[in-house]
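A short worksheet on the structure shown next.
The values are calculated or read from the model by the stated rules, or taken from the named source; none is laboratory data. Model, not experiment: these values are computed from the prediction. Methodologically, a virtual Cβ is constructed for each residue, glycine included, from the backbone with ideal geometry; neighbour enumeration extends over all protein chains shown. Heads up: the accessible areas ignore ligands, DNA and RNA and are worked out on the full protein's heavy atoms, side chains in. Shrake-Rupley method; radii C 1.70, N 1.55, O 1.52, S 1.80 Å.
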Amino acid sequence: MYTWLITGSSRGIGLEFVRQILAGGDRVFATARNPDKSPELQEIAAAAEPGHVHLVQLDTRDAESIKAAAKKVEELLNGDGLDYLLNNAARVSGGNDSPTTIDPDNFMDFMRVNILGPALVFQAFVPALDRSKRPEGPVVMNTTSGLGSIGLDCGVKNASYSISKCGLQMLTYKESKEKPNIICFVLDPGWVKTEMGGEGAFLEIPFSVSHQYKVITSATQKDNGGFKRYDGENLPW
Ligand SMILES: NC(=O)c1ccc[n+]([C@@H]2O[C@H](COP(=O)([O-])OP(=O)(O)OC[C@H]3O[C@@H](n4cnc5c(N)ncnc54)[C@H](OP(=O)(O)O)[C@@H]3O)[C@@H](O)[C@H]2O)c1
């Protein structure tokens, strides 16, 4: 049985990850800003086998909340390792700006939640990842977006959000170099029908997550430092 931790599991892609991880028979620390305010997450936890899901408060905007979550998870792990860390949480709304309309506070909040948050989560859980006994090595998946790619040439839209995902990609590259024993990569989930993606999106949530799940659980050292789509296709930086 492997052990997972995911951020932003209250709804959308994160919530579906919790469902699929549990269906695979593993144990998951399902973190959210307000676990008590997600009835779906509460329902999943109530139906899970004892000890397979732990709901933990974690706000990626708040360094103290990340530290407190790591302390709680370390207690629950009781010396065991963490095998998979999914940095899925992100600020996704309010970012339809352009270089000439960037608002300083809005911009800095995107950087705080979408880059610094995952960086601090990584820092906090490295000791647990280092104890992983997964034969191919522990895995860190940072959720990016096609909008974070310069190579895909997505144009002017959503500047602050896109810049934050581009920065997350550089962070992931640096993580893969500093901790080569941990397999770190970024995945683009595709355009998915969540609150963020909207009803017009191409992909159903379970479809995107089941493909991402396959890529993540089959990750080996050759994936370290990579940028892929949900189906494992390499994407241009
Ligand atoms: N849907 C798409 O088409 C699409 C495309 C490309 C990339 N993505 C990426 O996929 C990931 C998941 O997005 P989604 O589509 O599932 O969006 P979503 O349905 O809007 O869910 C966003 C999740 O992030 C959480 N979150 C936001 N700020 C947070 C914070 N400060 N601390 C902790 N959690 C926080 C939300 O929690 P609350 O319930 O507390 O707000 C929610 O669980 C994101 O990284 C997003 O950028 C999505």
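A few notes on this one:
- Some residue of segment 10-31 being open to solvent by less than 20 Å² (accessible area, probe 1.4 Å) and touching a Gly at 6+ places or on another chain (Cβ under 6 Å): yes
- When each of K179, K133 is tested for being open to solvent by less than 50 Å² (accessible area, probe 1.4 Å) and of a type in the set (D, E, K, R), the lone residue that passes is K179.
- Inter-residue pairs, beta-carbon under 6 Å, first under 18 Å from N87 (Cβ atoms) and in segment 1-27, second among the basic types (K, R) and more than 16 Å from the ligand (Cβ to nearest atom), 6+ apart: T3/R27
- For P39, the stated conditions hold: it is within 12 Å of the ligand (Cβ to nearest atom), farther than 23 Å from S164 by Cα and either among the hydroxyl-bearing types (S, T, Y) or surrounded by fewer than 19 Cβ atoms within 10 Å (Cβ to Cβ) (or both).
- Filtered residues of segment 143-165 (kept if surrounded by 14 or more Cβ atoms within 10 Å (Cβ to Cβ) and among the β-branched types (V, I, T)): T143, T144, I163
- Filtering segment 159-217 to residues that are small (G, A, S), closer than 29 Å to P135 by Cβ and more than 9 Å from the ligand (Cβ to nearest atom) leaves S176, S210.
- Selection status of G232, surrounded by fewer than 17 Cβ atoms within 10 Å (Cβ to Cβ), out of contact with any His (no Cβ under 7 Å at 6 or more places or on another chain) and at pLDDT below 95: no
- Hey, L120 within 14 Å of the ligand (Cβ to nearest atom), open to solvent by less than 30 Å² (accessible area, probe 1.4 Å) and either touching a Cys at 6+ places or on another chain (Cβ under 9 Å) or at pLDDT 95 or above (or both) or not: no
- Considering segment 132-237, the qualifying strands (runs of 3 or more DSSP E), each wholly inside and each with 2 or more residues that are in contact (Cβ under 8 Å) with a residue 24 or more places away in the chain and in contact with a Ser or Thr (Cβ under 7 Å, 6 or more places away or on another chain), run over 183-188.
- Restricting attention to segment 44-73, the residues being among the acidic types (D, E) and open to solvent by less than 60 Å² (accessible area, probe 1.4 Å) number 1.
- Among the conditions (1) modelled with pLDDT of 95 or more; (2) open to solvent by 80 Å² or more (accessible area, probe 1.4 Å); (3) away from the ligand (no atom under 15 Å from the Cβ); (4) farther than 24 Å from V215 by Cβ, F107 misses just one, which is (2).
- Taking the criterion of being within 15 Å of the ligand (Cβ to nearest atom) and out of contact with any helix residue (DSSP H, G or I) (no Cβ under 7 Å at 6 or more places or on another chain), the residues of segment 52-71 that qualify are D62, E64, S65, A68, A69.
- Of the criteria (1) among the charged types (D, E, K, R); (2) within 19 Å of the chain's Cα centre (by Cα); (3) farther than 20 Å from A89 by Cα, which one K165 fails: (3)
- If the condition is being more than 10 Å from the ligand (Cβ to nearest atom) and open to solvent by 30 Å² or more (accessible area, probe 1.4 Å), then segment 82-97 contributes G94, N96.
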